Amino acid sequence: MKKLVLIGGGHSHAIALKQWGINPLSDVKLTLITNVIKTPYSGMLPGYIAGFYSFDQCHINLQSLAQFSQAQFVLDQAINLDLENNIVICKNQASIPFDLLSIDIGSTPTTVTIPGATQYTIPLKPISEFLQYWHQLIDEIQQNYQQKIRLAIVGGGAGGVELAFNIHSRLTQIYQQANQPLNNIELHLIYQGKRLLADRPISLSQKVENLLRNRQIKLHFNETVSQIDQSQNQGKKIHCQSGFTLECDRIFWVTQASASPWVKKTELATDEKGFILVNHYLQSISHPQVFAAGDIATMVNNPRPKAGVFAVRQGQPLLNNLKRSLQDQPLKPFIPQQEFLILIGTGDQKAIASKGKLNLGSSSLLWRWKDYIDQKFMKQFPC
Ligand SMILES: Cc1cc2nc3c(=O)[nH]c(=O)nc-3n(C[C@H](O)[C@H](O)[C@H](O)COP(=O)(O)OP(=O)(O)OC[C@H]3O[C@@H](n4cnc5c(N)ncnc54)[C@H](O)[C@@H]3O)c2cc1C
């Protein structure tokens, strides 16, 4: 019996597992190695932070999904690969052999090069850890409303922007319910570029910036964080290359995506950031027995931004090629689309839509559309 092993329950693997469960291959043993039981769906995560969704509404239960797909469920963290003997090395359990391997483990924000960033900031990924800090912060605020809370978000891409809108929204709700002054909330967004969402049209950046400013969120552009340390009053102090400094209580780190360091230790061909290089079959360019999808994969001939929308789109073609490979059939290429729609939730049950040069909103109608798409996506998975 051939062994197909999936590492990580990211968006592509969630779809592959679901489709495998509907139409499995006999004589193949499927195994999922995942370091979490419930994995977040990125489209609804900001809405969870704003308090619009429950935890279960925006998390895919990988254990139930594995059961549906009749896959062996291994709760562990992959930490290396032996590619000569085709073995996955895990943190806690015995090594897991494979004939065919697929990796969909996402990415993490880059912190390594900035002194103090690892020690004093809260990276958005792994999201499970980020959410623990977030819940802890909410508890602290609810125990001491009178105290001013100063938060900073570092990063001005779609993740940083959505986080700013939705953190602000949740804290505003909490302070309003407790009849506390909203000026106790101080939220900063620090970004090294000239404008937010720099890979999108300037009209979208301006719209988003105006909305953030209307909510008294302080924007700091052209600021490159060079160091973070502890301030005298137990807070954290951000130092930027320009000489600008900012004291705050929590720093959320949402900068450019980087790859998990263990991937670089394997013999897989990677790009300069450590992402696995794959061809248009989503197959490693160095090891044909390994496939990769989602943020961790970089398609050599069709590179695209690290976004959930591509991870979702890769799910079905990935599964098709895994099946073809197991059956010794020719693989089929997958070319991702060039332009893609983003729907940015603005924290007030409204959303902005952007595709190519066009952008619309923010509007309640777009939020309802986004909500419909996201809930429909989640409904396909077992609870
Ligand atoms: C706040 C925020 C909002 C975002 N909003 C959007 C959006 O609206 N639209 C959009 O397109 N993108 C969005 N993104 C980007 C999106 O989150 C990612 O591109 C997407 O999650 C990548 O999916 P993935 O399948 O690569 O991996 P992920 O969804 O990150 O999943 C990887 C899984 O692998 C597991 N894993 C990791 N390492 C290991 C290991 N060693 N062993 C076993 N398991 C492991 C993880 O726990 C996780 O379950 C957002 C990101 C953030 C931070």
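Brief remarks follow.
- Put simply, of 10, 47, 21 the only residue that is modelled with pLDDT of 95 or more and touching an Asp or Glu at 6+ places or on another chain (Cβ under 7 Å) is 10.
- Considering residues of the stretch 59-73 that are within 11 Å of the ligand (Cβ to nearest atom) and touching a residue at least 40 places away in the same chain (Cβ under 8 Å) only, the residue farthest from residue 25 (Cα to Cα): 60
- Residue match in the stretch 44-51 (condition: in contact with a strand residue (DSSP E or B) (Cβ under 9 Å, 6 or more places away or on another chain), more than 8 Å from the ligand (Cβ to nearest atom) and part of a strand (DSSP E or B)): no
- Of all the numbered requirements in (1) among the aliphatic types (A, V, I, L, M); (2) more than 16 Å from residue 43 (Cα to Cα); (3) not assigned by TED's automatic domain parsing to the domain that holds residue 11, residue 285 misses one, and that requirement is (3).
- Once the stretch 88-108 is narrowed to residues that are touching a helix residue (DSSP H, G or I) at 6+ places or on another chain (Cβ under 8 Å) and not charged (D, E, K, R), the residue that is nearest to residue 253 (Cα to Cα) is 107.
- In the stretch 181-253, counting only strands (runs of 3 or more DSSP E) that sit wholly within it, the ones holding 1 or more residues that are buried (at least 21 other Cβ atoms within 10 Å of the Cβ) span 185-190, 225-230, 236-240, 245-248, 250-253.
- Residues of the stretch 74-100 that are part of a strand (DSSP E or B) and within 12 Å of the ligand (Cβ to nearest atom): 74, 75, 78, 79, 80, 81, 88, 89, 90, 96.
- Scope the stretch 315-330; condition crowded, with 19+ Cβ neighbours inside 10 Å and either of a type in the set (A, V, I, L, M) or in contact with a Cys (Cβ under 8 Å, 6 or more places away or on another chain) (or both); matching residues: 318, 319, 322
- For the stretch 13-36, a residue qualifies if it is within 15 Å of residue 100 (Cβ to Cβ) and either among the hydroxyl-bearing types (Ser, Thr, Tyr) or assigned to a strand (DSSP E or B) (or both), and the qualifying residues are 28, 29, 30, 31, 32, 33.
- Of all residues making up the stretch 274-311, the number that are of a type in the set (Gly, Ala, Ser), touching a Leu at 6+ places or on another chain (Cβ under 8 Å) and either surrounded by fewer than 24 Cβ atoms within 10 Å (Cβ to Cβ) or in a strand (DSSP E or B) (or both): 4
The values are calculated or read from the model by the stated rules, or taken from the named source; none is laboratory data. Quick caveat: nothing in here was measured; it's all calculated off a predicted structure. Every residue, glycine as well, gets a Cβ built from its backbone with ideal geometry; the counts of neighbours run over all protein chains shown.
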